[in-house]
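Below is one structure, written out as structure tokens; the observations come after it.
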Amino acid sequence: LEQANLDFAGHFAQAFEAAGDDVTARILRRVLVDEIAHVARGLRWFDRLRGDTDRWDAWVGSLPPALTPRRARGPDFAAGPRLRAGLDGDFVQRVRTYGASRGRPSDLHWLNQPAEAEDDARSRTWIRDLEATAILRASDDDVVLLERPPGRLWLARVAEAGFALPAVVASPPDSPLKLDGPVGALRPWAATAVAARRLAEFGELPQPAPPNKVADGERLRDLLVDLGPADRLLRPDALPLSARDRADVDAAIAAFRAAGYERIVFKRALGTSGRGQLRLFEPALLPAQQAWLDRSLASGPVRVEPWLPRRLDLSFQMEGAALRGVVRFQTDGTGRFQGAALERPTLGLSPDLARFWAGGGTQPGWLEDVGRKLAEALADEGASGIDAFVYQDGDRLRLHPFVERNPRVTFGRLALDLRRRLAPGCVGRWTILGPAEVRRSGAASLDALASALGLSLPLERSRGQLRQCALPTSDPAAAEQVLPMLLVAPSADALDQALACVGLG
């Protein structure tokens, strides 16, 4: 069954045609016709020999261990020639979406719960809706661990967009984990105690110090002096304070309001995605707010800081002590992550933000230098991200360089990976759609909204890179609460227009 030749013949015919060699291109198209006949003949004999056994099961069961359906694919999968050879649509989709290693030990990827959310049922649903996004960071020799298997139709869309298809192992959290073949590196997004227990038989995971907002605030006080120019960084009177009892809370509120900060935010030591926060925008604490503080203080100190007028949310993405890049991201009114920009970070910024990023034209790269100094000072093992933001301070802009530390693979790191997929000059967003976007758009469901976006941004690739797409990065048919989407357009105006067409402008 010479299916891969159906892909290779068409692929090289297009390559020679693009190079101006029409003679060789015509020869290869003739070869493609011959290959279709070869596959058709092999299929007729195979169907006679397999008897009543299902075609796919009979084929896979006949292959020796080193040979898998992956070998039946070439560089550009072509469904048409396979259908003309007589293969049915379901068989073709299975070939297109089959993932398995060629023989090397497979790295294991797992988009799992961060440590601070492992006991949160709502977060578990949220992560389950996002988990298949890990496929976008894996190679075709890797394995991705999921709680539920994605549909073949969605996997085919991922492959059509140019992403590799690793092997997928679907296993509920409380089930024994079984993998075919040797395992290489363990790559859970968060190296937590739960992940260490579940993956123990395959290797040992390093256990980074858990994120702690109170400790991060205290660390910032020590780091701020050495991070960068004082006139561009967080003012010292806005540094977070730690409160261990109600007297500390009252003192912190008084200190910040004496410095001119009327709005205050309290944060528990552990919390994720903007949760575990209390905002005080009124002159005094309300009874419900006092109760929240009492409950929080009973389990440890809380962080107290001014609520600053944000202009731009950023993330410094690190690998050990090295800065990998800076990502812009979006949050809602509570600071909860909503998505990330994929293009060059300064593209599309307002003039004052662009000047600030460039150091007023006299110190370009200063902001990246802040990220490098943070990476060297914190030096987390493995991937990590530091949330930061630019805020308005009177008539000037300032950088809050260290809001919190995330010692794991973050969605900011995903954004850096996806940035490399964009064709030159294009813009992109990796965004999380939820019930609010469904209501705004008038769509019947998340799946319907994804389909509408797909009509506004039909897939278009150039030299293997994305010029345009609206790709769900998890299976929309299984979405319960949220749906992650990769949106790419040739320009910011084109992206805005596509969003406006579905009611999200």
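The values are calculated or read from the model by the stated rules, or taken from the named source; none is laboratory data. Note that this is a predicted model, so its numbers are computed, not measured. Every residue, glycine as well, gets a Cβ built from its backbone with ideal geometry; the counts of neighbours run over all protein chains shown. These accessible areas exclude ligands, DNA and RNA; they are computed on the full protein's heavy atoms, side chains included. Shrake-Rupley method; radii C 1.70, N 1.55, O 1.52, S 1.80 Å.
Quick one: is Leu234 closer than 24 Å to Thr410 by Cβ and at pLDDT 90 or above?
When the stated conditions are applied, Leu234 passes them.
Quick check on this structure: which one of Pro206, Pro229 is touching a residue at least 40 places away in the same chain (Cβ under 8 Å), part of a loop (DSSP other than H, G, I, E, B), open to solvent by less than 50 Å² (accessible area, probe 1.4 Å) and not hydrophobic (A, V, I, L, M, F, W, C)? Within the list Pro206, Pro229, the selection yields Pro229.
Does Ala25 count as in a helix (DSSP H, G or I), modelled with pLDDT under 95, over 27 Å from Thr97 (Cα atoms) and open to solvent by less than 50 Å² (accessible area, probe 1.4 Å)? So Ala25 passes the test.
Could you list, in sequence order, all residues of the range 306-328 that are within 14 Å of Arg419 (Cβ to Cβ), open to solvent by less than 40 Å² (accessible area, probe 1.4 Å) and of a type in the set (D, E, K, R)?
Answer for the range 306-328, where residues must be within 14 Å of Arg419 (Cβ to Cβ), open to solvent by less than 40 Å² (accessible area, probe 1.4 Å) and of a type in the set (D, E, K, R): just Arg328.
In the condition set (1) open to solvent by less than 20 Å² (accessible area, probe 1.4 Å); (2) closer than 30 Å to Gly360 by Cβ; (3) part of a loop (DSSP other than H, G, I, E, B), Leu220 is compliant with all but (3). Here Arg429 passes the criteria (1) modelled with pLDDT under 95; (2) within 21 Å of the chain's Cα centre (by Cα); (3) open to solvent by 20 Å² or more (accessible area, probe 1.4 Å); (4) not aromatic (Phe, Trp, Tyr) except the one numbered (1).
Whether a residue is within 19 Å of Val214 (Cβ to Cβ), open to solvent by 60 Å² or more (accessible area, probe 1.4 Å) and either assigned to a loop (DSSP other than H, G, I, E, B) or in contact with a helix residue (DSSP H, G or I) (Cβ under 9 Å, 6 or more places away or on another chain) (or both) was assessed, and Leu297 does not pass this test. Number of residues in the range 76-132 that are at pLDDT below 90, out of contact with any Lys or Arg (no Cβ under 9 Å at 6 or more places or on another chain) and of a type in the set (A, V, I, L, M, F, W, C) equals 3.
Scanning the range 81-107 for residues that are open to solvent by less than 30 Å² (accessible area, probe 1.4 Å) and either part of a helix (DSSP H, G or I) or aliphatic (A, V, I, L, M) (or both) gives Pro81, Arg82, Ala85, Leu87, Phe91, Val92, Val95, Thr97, Ala100.
Say we look at the range 173-203 and pick out the residues that are touching an Asp or Glu at 6+ places or on another chain (Cβ under 6 Å) and not in a helix (DSSP H, G or I); which of these is nearest to Asp141 (Cα to Cα)?
Step by step, filter the range 173-203, then rank; the result is Gly184.
Answer with yes or no whether Glu480 is in contact (Cβ under 8 Å) with a residue 40 or more places away in the chain, buried (at least 20 other Cβ atoms within 10 Å of the Cβ) and among the acidic types (Asp, Glu). Judged against the criteria, Glu480 is not a match.
Which members of the range 346-378 meet the condition of being in a loop (DSSP other than H, G, I, E, B) and not aliphatic (A, V, I, L, M)? Result: Thr346, Gly348, Ser350, Thr362, Gln363, Pro364, Gly365.
Within the range 329-370, the set of residues being among the aliphatic types (A, V, I, L, M) and either open to solvent by 20 Å² or more (accessible area, probe 1.4 Å) or over 24 Å from Pro306 (Cβ atoms) (or both) comprises Ala340, Ala341, Leu342, Leu347, Leu349, Ala354, Ala358.
Taken over the range 218-274, residues that are touching a Gly at 6+ places or on another chain (Cβ under 6 Å) and more than 30 Å from Trp357 (Cβ to Cβ) amount to 2. The condition of being touching a residue at least 12 places away in the same chain (Cβ under 8 Å) and surrounded by fewer than 19 Cβ atoms within 10 Å (Cβ to Cβ) holds for only one of Gly434, Gly394, that being Gly434. Could you check, for the range 39-58, whether at least one of its residues is acidic (Asp, Glu) and in contact (Cβ under 8 Å) with a residue 40 or more places away in the chain? Within the range 39-58, not a single residue is acidic (Asp, Glu) and in contact (Cβ under 8 Å) with a residue 40 or more places away in the chain.
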